[in-house]
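For reference, the structure discussed in these notes is given below.
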Amino acid sequence: MTLDWRAVQARLIALGFDPGPVDGLRGPKTDAALIAFKRSVGLRARAYFGPLTEAALMGGAPASGGVDIPWMAEAVRMKGLHERRDTAKLRAWFDKAVSGIDPREIPWCGAFVATCIRAALPEAQLPQNPLGARAWGSFGAPVDPVFGAVLSFWRGSRSGWQGHVGFYWGEDAGAYHVLGGNQSDAVTVTRIAKTRLLAARWPAGQPVTGRAIALTPQGQPLSTNEA
């Protein structure tokens, strides 16, 4: 398959490396960003893009053929939407199980995960209250944290009721990189301390095709409150 350099460039940007414009054209700036990424994860620092680079960079989202975990493809498609700037688009996109909420007024991390899951798996059984972040701790089946897994976290205190939920994007030594909604009021990738993890889950009946992805913090601070 032909390598999709637009996907590679978009992924490099998401991880904090600058390949220049997302235009699908491989040039010196894209190569420099690729080399910097490979150096950050311990791969040989050269511009060659082979299977090991693809696995480390894309993590279940192969550059040849697109994202192979369909709910992650949907999540990536919505990346960058903001609850105030894109209110109408978000409200129209939300699945019927969570429709009617105003993302400017209601925490919508659960709505984001529910909609991505249902877009890919229309018959998926959601938690009884998909807007409740901690409710996702009983979704589907348990899994090790891997690309595409649903991660639920405590917020405030482990014994409290507040929480956050999003999708595993990668991890560094102390944090999971989470692709989710209601993160700085938008669909972003943010770092959340591993000590806050409550559960990692995978849609029931679906093969676990994601992998653990080693990333570096890239200077990103830890998120402490996703409300």
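Ignoring the sites themselves, what is the longest stretch of the chain with no trypsin sites (Lys or Arg not before Pro) in a DSSP loop and at most 10 other beta-carbon atoms within 10 Å?
97-227
Nothing charged except the Cβ atoms of Lys and Arg (+1) and of Asp and Glu (-1): what's the magnitude of the dipole of the stretch 1-156 about its Cα centre? Round to the nearest 20 debye. Could you put the intermediate results ahead of the total?
Working: 19 positive and 14 negative charges, 79 e Å.
It works out to roughly 380 debye.
Take the stretch 105-208, compute every pairwise Cα distance, and split them into 10 Å bins from 0; I just need the percent in each bin.
In whole percents, the pair-distance histogram is 17, 54, 27, 2.
On a 1.4 Å probe surface of the protein chains, which of Ser157, Ser152, Ser184 comes out largest in accessible area, and what is the full order?
The ordering from most to least exposed comes out as Ser184, Ser157, Ser152.
Which of these, Ala55, Ala204, Ala73, has the largest mean-square fluctuation under a Gaussian network model of the chain (Cα springs below 10 Å)?
In the Gaussian network model the winner is Ala204.
Give me the aspartates and glutamates in straight-line cross-link reach of Lys194: C-alpha distance below 16 Å, same-chain residues under 8 apart excluded.
Candidates past the 8-residue exclusion: Asp144, Glu171, Asp172, Glu226.
Just going by the charge dipole of the chain, with Lys and Arg at +1 and Asp and Glu at -1 on Cβ, which of Ala186, Ile101, Tyr176 is farthest out on the positive end?
It is Tyr176.
Report, to the nearest 10°, how far helix 28-40 tilts away from the longest principal axis of the Cα atoms in the chain, using its own Cα long axis and a range of 0 to 90°.
Result, in degrees: 70.
What residues qualify as long-range amide H neighbours of Ala199, i.e. H under 5 Å apart, gap of 5 or more or another chain, H built at 1.01 Å from N?
Those qualifying (amide H under 5 Å, at least 5 residues apart or on another chain) are Ser152.
Rounded to the nearest 500 deg cm²/dmol, what is the calculated helix-only ellipticity per residue at 222 nm for the chain, with -39500 (n - 2.57) per DSSP H run of length n ≥ 4?
Working: 6 runs with 58 residues, N = 227.
Rounded to the nearest 500, it is -7500 deg cm²/dmol.
Per the Kirkwood definition applied to all pairs of different Cα atoms, how many angstroms is the hydrodynamic radius of the stretch 1-148?
17.1
From the phi of every residue in the stretch 124-132, what ³J(HN,Hα) in whole Hz does the Karplus formula 6.51 cos²θ - 1.76 cosθ + 1.60 yield, where θ is phi - 60° and glycine or proline is x?
4, 7, 7, x, 4, 10, x, 6, x
Using the Karplus equation 6.51 cos²θ - 1.76 cosθ + 1.60 (θ = phi - 60°), what ³J(HN,Hα) coupling, rounded to whole Hz, does each residue of the stretch 141-151 give in order, writing x for Gly and Pro?
With coefficients 6.51, -1.76 and 1.60, one gets 10, x, 8, 5, x, 9, 3, x, 5, 8, 10 Hz.
Of the candidates Leu197, Leu126, Leu25, which one comes out as most mobile in a Gaussian network treatment of the chain with C-alpha springs shorter than 10 Å?
The residue that fluctuates most here is Leu25.
Keeping all protein chains in the complex and leaving out DNA, RNA and ligands, what accessible area do you get for Ser138 with a 1.4 Å probe, in Å² to the nearest 10?
Here the accessible area works out near 90 Å².
Using a 1.4 Å probe on the protein heavy atoms, what percent of the accessible area of the chain belongs to carbon and sulfur?
That share works out to 54 percent.
Could you pull the accessible area for Asp31 with a 1.4 Å probe, rounded to 10 Å²?
It works out to around 40 Å².
Provide the net charge surrounding Arg134, with neighbours chosen by a C-beta distance below 15 Å and charges set as Lys +1, Arg +1, Asp -1, Glu -1.
+3
Probe radius 1.4 Å, ligands and nucleic acids left out: which of Ser99, Ser40 has the largest accessible area, and how do the rest follow?
Details: Ser99 65, Ser40 35 Å².
Greatest to least solvent exposure: Ser99, Ser40.
On full extension of the chain, what length is gained from Arg44 through Gln162, given 0.36 nm per residue of separation minus the C-alpha to C-alpha distance?
38.2 nm
Per Stokes-Einstein, at 20 °C and 1.002 mPa s, what whole-number D in µm² s⁻¹ belongs to the stretch 124-165, with the Kirkwood radius over Cα pairs as the hydrodynamic radius?
The Stokes-Einstein estimate is 196 µm²/s.
From the protein chains alone at 1.4 Å, what is the descending order of accessible area for Tyr176, Tyr48, largest first?
On the way: Tyr176 25, Tyr48 120 Å².
Final ranking, largest accessible area leading: Tyr48, Tyr176.
Which residues' amide hydrogens lie under 5 Å from the amide hydrogen of Gln183, considering only partners 5 or more residues apart or on another chain, with H built in the peptide plane?
For Gln183, whose amide H was placed from the backbone, the distant partners under 5 Å are Thr188.
The values are calculated or read from the model by the stated rules, or taken from the named source; none is laboratory data. The shown structure was predicted, so the numbers you read here are calculated from the model rather than taken from an experiment. A quick note on method: Cβ atoms are made from the backbone with ideal geometry, for glycine too, and the neighbour counts reach across all protein chains shown. Surface areas here come from the heavy atoms of the whole protein model, side chains and all, with no ligands, DNA or RNA. Shrake-Rupley method; radii C 1.70, N 1.55, O 1.52, S 1.80 Å.
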